[in-house]
Each structure stands twice: as C-alpha cells, then as structure tokens.
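Since the structure comes first, as structure tokens, the remarks are kept for the end.
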Amino acid sequence: MSEFINENPDILDETLLPSRKEDITNELFGDALGKITHERKRQLLQIGSVDSPVLKNIGLLDKLLNQQLSLDETVPDLTDIETATESDENTEEEEEEDPIDAQEIYDLIAHISDPEHPLTLGQLAVVNLADIEVHDTNGKDKMAEVIVRITPTITHCSLATLIGLGIRVRLERSLSPRFRITILLKKGTHQSENQVNKQLNDKERVAAACENDQLLGVVSKMLSTCK
Amino acid sequence: MAGLKLLKSLALHDDKCWSVDVNNGGIMATGSTDRKIKLVDIRSFQIIEELDDTAHKKTVRSVAWRPHSNILAAGSFDSTVSIWGKDDDGYNDENDLETELLAIIEGHENEIKCVAWSHDGELLATCSRDKSVWIWEADEMGEEFECISVLQEHSQDVKHVIWHQSLPLLASSSYDDTVRIWKDCDDDWECCAVLNGHEGTVWSSDFEKSNSNVRLCSGSDDGTVRIWCLEDDNGEYEQEWIQESILPKAHTRAVYSVNWSPKGYIASTGSDGRLVIYKESEDGWIVECIHELTHGVYETNMVKWVEYGSKDVILLITAGDDGHVNVWKFDEN
C-alpha cells in the first residue's frame, strides 16, 4: 500500500480485547485449577499410555487454562483454541458441536489483520463483541444466523468491502453451512453503507470474488494472522 | 392437500450446484462451482457423461438446453459461454457418441450469470456482471454465433434472462432491483418496459406458460415473489406493465429462483432452503405447499418444473449448495 488511508487509527491494547475471562470455572477454581488439572493428568498417566489422545487434550487444555489463569495478560492464542477444538472433535466425533456464541464469532474474526495496518480488526475496534448477533436456537439440524456489524476506521474507507469480505470468508470456512452469515456496516459509519452491504451479502458476487486469485491472495494474507 | 415427495437426491458435485436443465429427451444437465458439467438420465438417475472440465476455468453458473435438441449452452464466471453437442455423422447411434465442445463464445467482460435459448432455438441470450445482455444468433449446428444486439440499459449486474414461450419477448433481472422487458423491433432489441417494485436484487423471473395472458413472476433478495402483467401493448416500442400482486410471503430470506409450470403453478426457492408452490385461486394466489430444508441446511439455488415424461406425473428439480440435485414428485391432491 503506497499510502495509508487512515494513518492514525485508534488502537486498543491487546489486553483490553474481550475474551472469555468471565468463565465460571475460572472464578470458581481460581489458582486451584492448575493443581486440579495437574492431578487429573497424573492420574491419567497411571491408567493410559503417554500417547493417549485424551492425554494430549488435557495438555492442550492445561495450556489454555493456564493462559486464562495468568489474569489475561494476553488474549488466548487462537491457534491453541482451534487445535484443542479439533482434537476434541477427533476423539469425540459422536458429541454434538458446542453452541456458537458471539464470543466465539469474535474470537474467529478479531485476529484478522487490517489490510493497511499491521494491526488486527479487534485492535482497531473494526469488530466489536457487542456488534455480533448469533441466532441459534433451533437445534443442530436447523439453520442459524450470524450478523456481524463492522465499524470502518473512517467513513470513506474504501477498504470496507475488503474487510467485510475477509470476515465473511473466515466465517464461511470456520462455521457449519447451517449458518447464514450477514455482514453489515454499522449504521452511520460509512458514506456508501447500502452499496457495501449489498455487495457483501450477494452470494454470487462473493462466490465470484473467491475465484479471483488476486483478491483471494489479499484475503489470505489478512487471514494469515488467524492461525 | 398437495404435497412434495423426494424421489431422488443425486450427489453430483463437490461444491455448490447452481443450475440445472432437462431437455425433451429426459437428459438433465447441471453446472457447479466445481467447474464441472454433468449429464444425467432423469429416468434412471444414472450419470451419462461428465463433460470436459477443462473448458471452464471458473464456476459453471448456468446451463440451458437448446429446445428440441442435444445442444447445451453453459455460462461461466470465466466470462465465456461453452456450447456442447454431439457431432452426429449419421452412422452412429446418437447415444454412443460423446458430447463434444462445439464452440466457445467470448464477448462479455466478466462473470456470466445466465444463458437462455429462445423458444425456437434460434437465439441465445447471455447476461453478465458487466451490466449487459447479449443476444446471439446461432446456426443450426450450434457452431457459429453472431451477436445481433447488446442491451446495456441495466445500471448493475444482470442476474438472469428468460424468453417468452411464444412471443419475441425477453425479461432480464438485475442487481439494480428491476426487471426489464425487451422486444424485437425490426431486428433490433429495445427495452419496452422497466418493472420497478422489488426492494432488492431480482434474482430470477419467468413468464406464464399461457397464450392468452402475458404475465411474469419474479423472485428477489427482498424475500418476495411478485406477479407482473402486460396491460397494454400498442405495437409501438413501449409496453405498459403493472405489478398485479405480491404472492403470500413464504420465504424468510432471499428468493433465488422462480419457475412457472405449464399447469399454472409457481415454484420458488432460495436462501432459506424452502421450496414453495403457489396456486392461483378465485381469491387470488395462495400457498399450496411449503417444503422445508430441501437441501438440508444448505441454500437452494434453483427450482425447475420438468415437462418430460408422463403428463400425470409432475416433477420438480432443485439444485443446492450441498452439490446435490434433488428430484421431487408434486402431488396435486
């Protein structure tokens, strides 16, 4: 990018980004949690072999929990969350998927890089937890809906469409096909709000954009900080 | 109570299936994001052929059989149209021959959204994100195509084109929220009406299969299906069309496809995965039946009545984002 469109955006510190720090287990067990998991792991070591997938999961969970226990000095690393979820699915395929909530959607998209700043959409407050809606009450074999309202850093930001596309691609790749995804610019945040909204939610245009190698390259770069 | 029964679900594609068409020989063609075109016998549900998938470099968005022939047109996001057929030299049994690429039509600037043949098979209409509709004159073999008109009055992407079954009329639906009606005026195609009313992209439209009325139904991103009626055609360039009705609301999301049956039923489907059948009664249009989750939790891109086979059996086919084509039996009673 030869020139920044918005050179001085407001930046949130990573530690201020919303995460699941309010988790009830965390509150209940506090520092004791580390000891408990350690004890469970020790017991499992006695029953199972070292290569047991269950054991590996415990290890990952420990890592995850430890990050939360250290009073959220950093946002939990997404890679770890994903790896943990994936291994969960591998070992317990019969289990139903966890219900998706706004925080989970936020975690999926907050680490997407801004196309012109070396910062994430979460840090720039382009995506905000309060602006994510999830409607998923009909069960696992029914359709569900996710609505994400984004706040471009400036009202004439020409990259708003690209950011929206990045979010859509990220969610389409991560969520079950039962989710209908709507990406909107937050009311009053952009000059050509309706045009951008229409384009971002046109299935055919999005499908065609995803076959454009150049565009896909830019989007992949934006998403590379997610994993 | 009328109802729909799933006869067969065909897992044909690895990605979204966008379009499906059946010719009068009972051969179904399908197009998909996986860039493949498949031919399936609608009687046995067996795949007959997979066409050469190197012909298109991107999504095959739309497929259409030339009436009363084995010639197929396919429009792609790679901005070209491919024409397919059997090069019959008169000696071989037609069924033994492979379908070959007869022609590639170039002209549009970017993604082709829809292709449609006129009822006599002489003209092919194509439309694109480049905001234009092109009308091509085809030779009998389907090898030579001459562009006879470029229609450029839509202000945005043209999503869909469809011809009237007997009159020289073409309807085009657009991202600009309108439908335009085009008429043959001394070998030049002119826009004779603009249908305003939808509050979102118009994804598709279809003419009534009637010789007494000239009506059109249209399905939109606004979730509605509307009926338009030709009020006055004074023989001049302009036609007067009015919005006759909005069908009872039965969709919760965008309506991607509408199709009017020869018997007068309208079918619609879309993002909510519903397949809805409407019937015209003395008190206006009513919803005859709704089938939920026609392609599971996926979106349904297209619905089409099948005119092939016994007159007593009414079939519908749907194409979904799950890559499947589903064949439905519609029971009127």
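No value in this document is a laboratory result; all are computed from the given coordinates. Computed from a predicted structure; not experimentally measured. Counting neighbours? That spans all protein chains shown, and the Cβs are built from the backbone with ideal geometry, glycine included.
The Cβ shell under 13 Å around B:Asp120 holds other residues with a net charge of -3, Lys and Arg each +1, Asp and Glu each -1.
Within the set of other residues whose C-beta is less than 15 Å from the C-beta of B:Lys279, count the net charge using Lys and Arg as +1 and Asp and Glu as -1. Please report the intermediate quantities before stating the final value.
Values: positive: B:Lys209, B:Arg215, B:Lys263; negative: B:Glu208, B:Glu280, B:Glu282, B:Asp283, B:Glu288, B:Asp331, B:Glu332.
Once positives and negatives cancel, what remains is -4.
Cβ crowding within 10 Å ranks B:Lys5, A:Lys186 as B:Lys5, A:Lys186, fewest other Cβ atoms first. Counting other Cβ atoms within 10 Å as a rough exposure proxy, the listed residues B:Ser118, B:Ser44, B:Ser212 run B:Ser212, B:Ser44, B:Ser118 from fewest neighbours to most. Amide hydrogen proximity for B:Glu288: with H placed 1.01 Å from N in the peptide plane, the residues at 5 or more positions away or on another chain lying under 5 Å are B:Ile277, B:Tyr278, B:Lys279. Packing around the peptides A:127-134, B:242-249, A:195-202, B:320-327, taken as the average count of other Cβ atoms within 10 Å per residue, puts them in this order, highest first: B:320-327, A:195-202, A:127-134, B:242-249. When B:Lys329, B:Lys86, B:Lys113 are sorted by how many other C-beta atoms sit within 10 angstrom of their C-beta, beginning with the fewest, the order is B:Lys329, B:Lys86, B:Lys113. Model label points for B:Glu100 and B:Asp14, set 7 angstrom from Cα along the Cα-to-Cβ axis, are 2.8 nm apart. Using a ≥ b ≥ c from the Cα gyration tensor of the range A:98-226 (square roots of the eigenvalues), is it rounded, prolate or oblate, where a/c under 1.5 gives rounded and otherwise the larger of a/b and b/c decides, a/b for prolate? Rounded is the answer for the range A:98-226, as its axis ratio a/c remains below 1.5. Positive contributions from Lys and Arg (+1) and negative ones from Asp and Glu (-1), summed over other residues with Cβ under 11 Å from the Cβ of B:Phe77, come out at +3.
Phi-derived couplings, Karplus 6.51 cos²θ - 1.76 cosθ + 1.60 at θ = phi - 60°, listed residue by residue for the range B:66-79: 5, x, 6, 7, 9, 9, 10, 10, 9, x, 10, 5, 7, 6 Hz, with x used for Gly and Pro. The residue list A:Cys157, A:Val169, A:Pro115 was ranked by how far each Cα lies along the charge dipole of the range A:98-226 toward its positive end, using unit charges on Cβ atoms, and A:Cys157 comes out on top.
The distance linking the range A:107-153 with the range B:277-323 is 35 Å (Cα centroid to Cα centroid, whole angstrom). The mean sequence distance of close C-alpha pairs (under 8 Å, at least 6 residues apart), as a share of the length of the range B:3-331, puts its relative contact order at 14 percent.
Taking each residue of A:205-218 in turn, how many C-beta atoms of other protein chains fall within 10 Å of its C-beta, and what is the average? Walk me through the numbers on the way to the answer.
Numbers: counts 5, 0, 10, 10, 1, 3, 9, 4, 0, 0, 0, 0, 0, 0.
Mean shielding count: 3.
Picking from B:Val202, B:Val40, B:Val179, which is most flexible by a Gaussian network model of chain B using Cα springs under 10 Å? Greatest mean-square fluctuation among the candidates belongs to B:Val40.
Report the residues of the range B:213-239 in range of a label on A:Ile147: point 7 Å along Cα→C-beta, backbone N strictly under 18 Å from it. The answer is B:221-224.
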